[in-house]
Each structure stands twice: as C-alpha cells, then as structure tokens.
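Enquirer: Here's a structure for you.
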Ligand code: NAD
C-alpha cells in the first residue's frame, strides 16, 4: 500500500501469501527445530527472521486491537521486486544471483532501507527486514517508510571488481522503483560506502548526478560526516540512556560484541571512549576473550589490515559458541539475525542486551532472557542510528549543503534519546517490555499516517 502511482513493470515475488502463523505456532516451530538439534549454540536459529518480526507485529496488533483487514494492510509489503543478476566472475563463468527490493510501507514517506549481500539472502529475509524498517523509521520519527534489498551472493569471497559488477547490475534492474522521493537504499551486511558509490554512479548514468538516491556514501561523494559510525553510536546513546536505571557507570561496565563489522566495531570503539571495557568479541572468523580488556581501536585496525581476529595479540581464542556465556554487563549482538535462540539464551550472563543487529533474538530466547531479568533494548529502536543519520545525509544532499560531524552527532543524539524516552514511557504506562512498547509506538504512527492520507 501507500503509494498511489501505478506499479511499474516489475516481477512479483510469490503471491504475497506469507505464512500466517500464530505466535504460538512460531514458538512451537522454533522449539521443534531447536529440539531436533537443527539449532546449535553459536548458529542461527531455524526460526526465520520473518517469523520473528511477524511474532512481534502480531502481539502489537492484538494490543492495538487492529482489525484483521488492517493487519493485512500493515503486514503485507506494498511492492516486491525480484530480479536476476547474471555476472561473469573471475573464474570465467556466468553466475546467476537473485536480487530483491521490497517496499513494505510508504505511508510516512519515501521507502528507506539497506541492501545486504549475503548467500543466505532470500525473499522472506528481505520481507522481514523491510517490515522492521517501517516500524523503525516510525519509532525514530524520521519521515520515511520501510524497505530492504538484498542479493544472495557470497560477498566475502568476491573480488572488488566482481562486487562492482553485481552492485551496478542490481541498480540497473531496480532503478525504476527507486528515486530520491520514492525509495533510497543504504548499506547493510557486506555492503558499504564503496558499494553505495557504485550504485549512485550507475543511477546517475540514467538520471544525471543524483546523490540523494542512496545514503551511506563516501564523504568524497556527498556522504554525511558521522554516517559510517552512526548505527554503532546510536547503540551507545541507548546505553547512556538506560545505564543509570540499571545502576551502571561506564567505568565499571564490561561488554561483549558479536560481529565486528560496521555496527559492532563502531559501537565497541565508542563504548570504549566512554570508559567501558570490551572483554570478548567475535566475527565470522572466530572469537576472542580477555578479561583485562581488548583494545577496540587496535582490533579494528588489525582486522582492517587483513588480520584474523583469533590472531589478535594478548587475547585468548575461544569457541564462538562460548562468546554468549562470557560474563559481562552489556552484550551487543551486531552480526546476523537469529543468533540468540533457545539453544543458547540460557547461557547468557549479561544484564543488558543492545540489539545492534536486526532480529538477533528469537521470541523464545526473548522470553528466557526476560525471565532472567535481562534488559533488552530492541533492534527496532537500538540500531535506528543508521537510518536517522541516513535521513540527515538525504536532507544534506537535497540542500547540497554539508553539516559538520559534531552537528550530525548532536542531532543523532537528540533523536535517539527522544526515541528511547518515548518508548520507555510507553512501556511504563502499559507495563510492557521495551520491544513491545516500540512496536506499539511504531505501528500506531504508521496507522495514523495512513489514516490521515486517506489510505484506510
Ligand atoms: P558488516 O558486514 O559490516 O558486519 C557484519 C559482521 O558480522 C562481520 O564482522 C562478520 O564477520 C560478522 N559475522 C558474520 N557472521 C557471524 C557469525 N556467525 N558470528 C559472529 N560474527 C559474524 O554488517 P553491519 O552493517 O555491521 O551489520 C550488522 C548487523 O547490523 C546486521 O544485522 C544489520 O542488518 C544490522 N544493521 C546495520 C546497520 C548499518 O548501518 N550498517 C543499521 C541497522 C542495522
């Protein structure tokens, strides 16, 4: 829903008939998968990202007493584009990848959401992430709808020239549904400022120089100061808001990071600047631990120069499965979805989880952790810093004007603090955990916008 224009010629993915599972069925499916041993500690849960987001959407829709017809309107995506991306790789063969752009809801503004390059990308994952973006932009109060994109390529194994071919080809195939006032992509897992630069350039060949077509661009190409660090910085703003309520002070706070990419490494460096101590960290290559502290900046430099995390001097390599069991005050998942599940949630020894990643915690794990008294700051609010700063980048691009980094970070802080305070006030008022409160706030704002526009 949400746009009144005629849909351009795009291929629909499926028939929009997504699995309609009740929360109980979702949990049963997850328990079955986990009991069958399909989900081992340290691995992703078998429950899909789509089931996770649907579970939380349904709880909120129930509480809001949203009628069934409106639930369909606000759950189903407005438009799904599926494309074939044939690319000749260095082995001389043509490899065919699948690319998706899914626009979930545009009632509050142009669609907005990242593009992920990962072999696990499929239509359901993109649907889930697109829906999450709709609620996230609403919770943050930035004037965007929700979308997501992805290509199922093994980005980690590809050369830069191959990634460039995929990025350009993907843009060629989806540009008809994009535009600075229609849909504005950004980076996500395995995509970065360079990928955004290629995509902007490709779009420019057809439409003329259009920096506002993507955000998360390099500074040299009208990117925004502060954007690269924004998602991690936003997580730290969440910590600063929540810490006093849990009696935590930065100098006494230890933390663990799962996934040391853009979000994880920036969150770690900024937590460290505050005075907190990182005691364990992992990425796709392994995990390390040092109770005396791991230098977040030195580790980032080491990895960016090609070092393997487990070779980082002064730390002990541990089994990735054991990362979650390292005692700490704050655990920051910043890798993929479904990493905290029924098979490992019980082992966690933290007081607070700040979800840098999208959908890192399955519904059953969420329940286990809540019973243990762990304070969870949910993805839909915690990692909104990226899209908030993307909004700033878009505003700067439209004005052809640049703000300095301090201004960007201050504005980011204002938005993140406001989101935290509004959601936590709603949680207190309705006696709900933050995640449920955030979904309520997000869905209400989208429904209100749709009503005022006259869509429903
Ligand atoms: P990235 O590609 O920069 O980093 C991902 C990191 O996760 C890498 O260090 C990778 O090695 C690691 N990883 C992959 N599999 C792992 C595993 N099994 N165990 C431990 N680590 C593993 O991606 P990113 O942009 O930092 O995104 C990370 C998460 O944050 C994703 O869930 C993404 O959707 C979410 N997110 C990103 C942004 C953003 O602005 N980049 C914004 C909001 C949410």
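Enquirer: I'd like to check something: does segment 267-281 contain any residue that is surrounded by fewer than 16 Cβ atoms within 10 Å (Cβ to Cβ) and in contact with a strand residue (DSSP E or B) (Cβ under 8 Å, 6 or more places away or on another chain)?
Expert: No.
Enquirer: Given the conditions (1) farther than 15 Å from residue 327 by Cα; (2) away from the ligand (no atom under 13 Å from the Cβ), report the number of the one that residue 233 does not fulfil.
Expert: Just one mismatch for residue 233, condition (2).
Enquirer: Scan segment 370-387 and give yes if some residue there is more than 8 Å from the ligand (Cβ to nearest atom), more than 17 Å from residue 231 (Cα to Cα) and assigned to a helix (DSSP H, G or I), otherwise no.
Expert: Yes, because at least one residue in segment 370-387 is more than 8 Å from the ligand (Cβ to nearest atom), more than 17 Å from residue 231 (Cα to Cα) and assigned to a helix (DSSP H, G or I).
Enquirer: Would you call residue 394 in contact with a helix residue (DSSP H, G or I) (Cβ under 9 Å, 6 or more places away or on another chain), crowded, with 17+ Cβ neighbours inside 10 Å and outside any helix (DSSP H, G or I)?
Expert: Judged against the criteria, residue 394 is not a match.
Enquirer: Which number in (1) more than 23 Å from residue 378 (Cα to Cα); (2) out of contact with any strand residue (DSSP E or B) (no Cβ under 6 Å at 6 or more places or on another chain); (3) at pLDDT 95 or above; (4) within 16 Å of the ligand (Cβ to nearest atom) marks the one condition that residue 184 misses?
Expert: Every listed condition holds for residue 184 apart from (2).
Enquirer: Further question on the same structure: Of all residues being under 22 Å from the mean Cα position of the chain (by Cα) and more than 13 Å from residue 258 (Cβ to Cβ) in segment 286-302, which is nearest to the ligand (Cβ to nearest atom)? Just the residue, please. Explain how you work it out, then say what you get.
Expert: So in segment 286-302, the residues under 22 Å from the mean Cα position of the chain (by Cα) come out as 286-287, 296, 300.
From the residues that got through so far, the ones that are more than 13 Å from residue 258 (Cβ to Cβ) too are 296, 300.
Details: 296: 13, 300: 10 Å.
That would be 300.
Enquirer: Among the residues of segment 270-285, which ones are assigned to a loop (DSSP other than H, G, I, E, B) and within 11 Å of the ligand (Cβ to nearest atom)?
Expert: Quick first cut of segment 270-285, residues assigned to a loop (DSSP other than H, G, I, E, B) only: 275-276, 284-285.
Across segment 270-285, the qualifying residues are 284, 285.
Enquirer: Pick from 196, 200, 133, 171: which is within 12 Å of the ligand (Cβ to nearest atom) and more than 30 Å from residue 422 (Cα to Cα)?
Expert: 196
Enquirer: For residue 433, state whether it is surrounded by fewer than 23 Cβ atoms within 10 Å (Cβ to Cβ) and closer than 22 Å to residue 53 by Cα. Step through it out loud before you land on a result.
Expert: Working: surrounded by fewer than 23 Cβ atoms within 10 Å (Cβ to Cβ): yes; closer than 22 Å to residue 53 by Cα: yes.
Taking the combined requirement at face value, the residue satisfies it.
Enquirer: From the list 91, 58, 68, which residue is without any contact (Cβ under 8 Å) to a residue 24 or more places away in the chain and either within 16 Å of the ligand (Cβ to nearest atom) or farther than 30 Å from residue 284 by Cα (or both)?
Expert: Values: 91 fails: either within 16 Å of the ligand (Cβ to nearest atom) or farther than 30 Å from residue 284 by Cα (or both); 58 fails: without any contact (Cβ under 8 Å) to a residue 24 or more places away in the chain.
Answer to the check: 68.
Enquirer: With the structure loaded, tell me whether residue 346 is surrounded by fewer than 23 Cβ atoms within 10 Å (Cβ to Cβ), part of a helix (DSSP H, G or I) and within 11 Å of the ligand (Cβ to nearest atom) or whether it fails that test. Explain how you work it out, then say what you get.
Expert: Working: surrounded by fewer than 23 Cβ atoms within 10 Å (Cβ to Cβ): yes; part of a helix (DSSP H, G or I): yes; within 11 Å of the ligand (Cβ to nearest atom): no.
No; evaluated as a whole, the condition is false for this residue.
Enquirer: Hey, another quick one. If only one of 356, 338 is assigned to a loop (DSSP other than H, G, I, E, B), within 15 Å of the ligand (Cβ to nearest atom), touching a residue at least 60 places away in the same chain (Cβ under 8 Å) and over 15 Å from residue 44 (Cβ atoms), which one is it? Break it down stepwise before answering.
Expert: Working: 338 fails: over 15 Å from residue 44 (Cβ atoms).
That would be 356, the only listed residue that is assigned to a loop (DSSP other than H, G, I, E, B), within 15 Å of the ligand (Cβ to nearest atom), touching a residue at least 60 places away in the same chain (Cβ under 8 Å) and over 15 Å from residue 44 (Cβ atoms).
Enquirer: Can we say residue 267 is within 25 Å of residue 435 (Cα to Cα), touching a helix residue (DSSP H, G or I) at 6+ places or on another chain (Cβ under 6 Å) and not in a loop (DSSP other than H, G, I, E, B)? Give the steps one after another, and end with the answer.
Expert: Working: within 25 Å of residue 435 (Cα to Cα): yes; touching a helix residue (DSSP H, G or I) at 6+ places or on another chain (Cβ under 6 Å): yes; not in a loop (DSSP other than H, G, I, E, B): yes.
So residue 267 passes the test.
The values are calculated or read from the model by the stated rules, or taken from the named source; none is laboratory data. All of these numbers come straight from a predicted model, not from anything done at the bench. Reconstructed Cβ throughout: ideal geometry from the backbone, glycine too, with neighbour counts over all protein chains shown.
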